[in-house]
Amino acid sequence: MKIKKSLVIMQQLGKVTKAMADEVEKLEKFLNQSKVNSLKTRISEGDIPLNELDKMVEYIHRDFEELQQMDIFWNNCSEVEKKVILLLQQKTANNELTLSDYWVDLLKNSAYIHWIDQTEKRNPQVQKISTNEFSRIRESFAALIEEKRKVGTQFLIHNLTKKVETVQNQHSRNIRELKHQVGKKKQVWPLRRLVNQFAGNGLVDILPVWLASPEIVSSIFPLQEGLFDLVIFDEASQCTVESGIPAVYRAKQVIIAGDEKQLPPYNLFQSSFVNDDDDEEEYDTDESTSLLNLAKRRFSEKLLQWHYRSKYEELINYSNHAFYNGHVQIAPNVVPFKNPPAIKWKKVNGRWINQSNEVEAIEVVAILKDILINQPGKTVGIITFNSKQQTKIQDQIDKLLGEDEVFSAVYNQMLTRDLDERVFVKNIENVQGDERDIILFSIAYAKNEEGKVYNRFGMLNQKGGENRLNVAVTRAKEGITVVSSIEPEELNVANTSQMGPKLLKAYLKYVRAVSNSQVDQINAVVQEVNENVNTHVQVKELHFDSPFEEQVYHQLRNLGYEVTTQVGMSGYRIDMAIVHPHDSSRYILGIECDGAMYHSTTNAKERDVYRQRFLESRGWTIERIWSRNWWRNSSAEIERIDQKVKELLKRDVVRERVVK
């Protein structure tokens, strides 16, 4: 009886199983075949997937509208689109991306590869461009630019010579009279009369370029509209509107060049009654009196981005962020923190007496003596923050000249140089336009005889006083030494409304940090003066512009090299640099990829010639890795970089032998 009952149950179970299998087959319209086969196999083996089927029913109820939309979408797809979707279904996303994001990346990459293939088929010469070929083209391009410059010079000389001959033929009588007047020994005409007489009769044709101040232009040239094809104003921030307009009138075209972050026009009236360097009464320094600021209101401007004067990045880094919002492009240092540092902090125990500091004056002159003896080829400038300290230092120089024969000899030897190579002693009011290899600062502010720090800052505390500081701290080409009797924290600038004193305090903190190679403190000061700064000195952090650069980095690391990414303090960075294997204080090779930094400049001359030439002038050896070469054969590119480093190491060995 039991056997018969079991047989009936088995028969019923077989019918149910078959019925279930039949129902599952109906799902083939909605599920892929592998899923249907899996369900049928489990049913045939007696493993009824009720839980799974219940979940499917739940999902269908929940996502029914989306499934309908998907069904409509699928029916509207072309055969090609359906093939693409079916291929994508075979791809499984990794843990980092959602399936949809992964599929989007796959489609983009496939499209890019297809586009590259099609481009190379249409332009087969592109396939021939290797790294070596591009280097050859770049070097050829650079040589042609230089050749064009030389030919351009010859062309100008030829045209000028031809013009002189033409003028001599057309104005022969006027030219003879001009030569006569110029050659006279007596009854010599004033320059104004001479120029006015002959300007329209050949003079400006045979002398097409004149270098003169706006006041001289007004004084000697006739007031003739369009007398000159082009008038260029340099240092226009110091030119008043009333001085500049007459020269503008005489021009067909005008270029007004200057820096609004430097000194405003010189106010002769103000200087005639301001005798106290520390008088902080405010005077009218309306920026509209500058021709540069007036021009900015009306005309578009072109910013010069690269800084060329300073050899080391830290010399200009503070000014770049405090005054130019980090927009100035600076060549990164091959030696990140040179020893001795490019900026030195020298603390002394001076006193502020009669608006000067004798101890600092003595120390500054002692440093000057050391430089003239031990670095005789270097040029030196001394800058103070008031005229009385300037006089104090000049008096100390004169005193030492009478007492020290060695100092007298080297100082007098220095005086035989050209004017722009001699030592100067100036205050921040009159140092614009100067530059020297080494700049010495005497801060002078110190505790007075009562032990209190004098917190009056003279012209620094005037409107625009910060521009005077900017001029002063950007005069050095190779090094700065700051002699100070106080720590930056001793300056109380909380009650001043002007930026000059606040930026001076921040600069002193920056100087001290650079002198001590305190990277965190350097970053802190840069952040303090520029809240929007998004660049900083790199130490251990890894920063990449693209996954391509990250791959290059890791492969170089696998070779055993120490690599720094995004090298530099300014907006311009070298993508990565390999630390010298035998000298960790410097880089042996810079590597640039064709990423965001490379493409930030669309001009080929600047991007591929001038920028690389500038970096090389600062001691860099640069190699480029092109993304196309990388994805085609990354191993070959890494091998090329490895061989370049080994070649540079061999050169170092040879150089050391020669020196020995």
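So is Glu623 within 24 Å of Ala143 (Cβ to Cβ), of a type outside the set (S, T, N, Q) and touching an Asp or Glu at 6+ places or on another chain (Cβ under 9 Å) or not? Explain how you work it out, then say what you get.
On the way: within 24 Å of Ala143 (Cβ to Cβ): yes; of a type outside the set (S, T, N, Q): yes; touching an Asp or Glu at 6+ places or on another chain (Cβ under 9 Å): yes.
Criteria met by Glu623.
Can you tell me which residue in the stretch 85-112 is modelled with the lowest pLDDT, limited to those that are loosely packed, with under 12 Cβ neighbours inside 10 Å and of a type in the set (Ser, Thr, Tyr)?
Thr92
Quick check on the stretch 593-650: of everything there that is at pLDDT below 90 and touching a Cys at 6+ places or on another chain (Cβ under 9 Å), which residue is surrounded by the most Cβ atoms within 10 Å (Cβ to Cβ)?
Trp630
If I filter the stretch 476-484 for residues that are of a type in the set (Lys, Arg) and either modelled with pLDDT under 95 or in contact with a Cys (Cβ under 8 Å, 6 or more places away or on another chain) (or both), do I get at least one hit?
Pass one, the stretch 476-484, residues of a type in the set (Lys, Arg): 477.
In the following step, the residues that additionally are either modelled with pLDDT under 95 or in contact with a Cys (Cβ under 8 Å, 6 or more places away or on another chain) (or both) were identified as none.
Looking through the stretch 476-484, none of the residues is of a type in the set (Lys, Arg) and either modelled with pLDDT under 95 or in contact with a Cys (Cβ under 8 Å, 6 or more places away or on another chain) (or both).
Give Val483, Val493 a once-over and let me know the one that is more than 25 Å from the chain's Cα centre (by Cα), surrounded by fewer than 21 Cβ atoms within 10 Å (Cβ to Cβ) and assigned by TED's automatic domain parsing to the domain that holds Asn357.
Numbers: Val483 fails: surrounded by fewer than 21 Cβ atoms within 10 Å (Cβ to Cβ).
Matching residue, one of Val483, Val493: Val493.
What is the residue count in the stretch 381-409 for residues that are aliphatic (A, V, I, L, M) and crowded, with 17+ Cβ neighbours inside 10 Å?
Adding up the residues that qualify gives 5.
Would you say Asp205 is buried (at least 16 other Cβ atoms within 10 Å of the Cβ), of a type outside the set (A, V, I, L, M) and either part of a loop (DSSP other than H, G, I, E, B) or out of contact with any Phe, Trp or Tyr (no Cβ under 7 Å at 6 or more places or on another chain) (or both)?
Details: buried (at least 16 other Cβ atoms within 10 Å of the Cβ): yes; of a type outside the set (A, V, I, L, M): yes; either part of a loop (DSSP other than H, G, I, E, B) or out of contact with any Phe, Trp or Tyr (no Cβ under 7 Å at 6 or more places or on another chain) (or both): yes.
Answer is yes for this residue.
Being more than 25 Å from the chain's Cα centre (by Cα) and at positive phi is true for just one of Gly464, Gly451. Which residue is that?
Gly451
Given the conditions (1) of a type in the set (D, E, K, R); (2) buried (at least 17 other Cβ atoms within 10 Å of the Cβ); (3) under 30 Å from Leu144 (Cβ atoms), report the number of the one that Glu549 does not fulfil.
Condition not satisfied by Glu549: (3).
Taking the stated definitions as given, is Lys82 in the same structural domain as Ala111 (by TED's automatic domain parsing), modelled with pLDDT of 80 or more, under 51 Å from the mean Cα position of the chain (by Cα) and not aromatic (Phe, Trp, Tyr)?
Taking the combined requirement at face value, the residue satisfies it.
Pick out, from the stretch 320-436, the strands (runs of 3 or more DSSP E) lying fully within it that include 2 or more residues that are hydrophobic (A, V, I, L, M, F, W, C), at pLDDT 95 or above and over 34 Å from the mean Cα position of the chain (by Cα).
It comes to none.
Can you find, within the stretch 512-533, the residue that is modelled with the highest pLDDT among those that are over 22 Å from Val483 (Cα atoms), of a type outside the set (Asp, Glu) and in a loop (DSSP other than H, G, I, E, B)?
Asn530
The values are calculated or read from the model by the stated rules, or taken from the named source; none is laboratory data. Everything numeric in this text was worked out from a predicted model, so none of it was measured. Here Cβ is always computed from backbone atoms with ideal geometry, including for glycine, and neighbour counts include all displayed protein chains.
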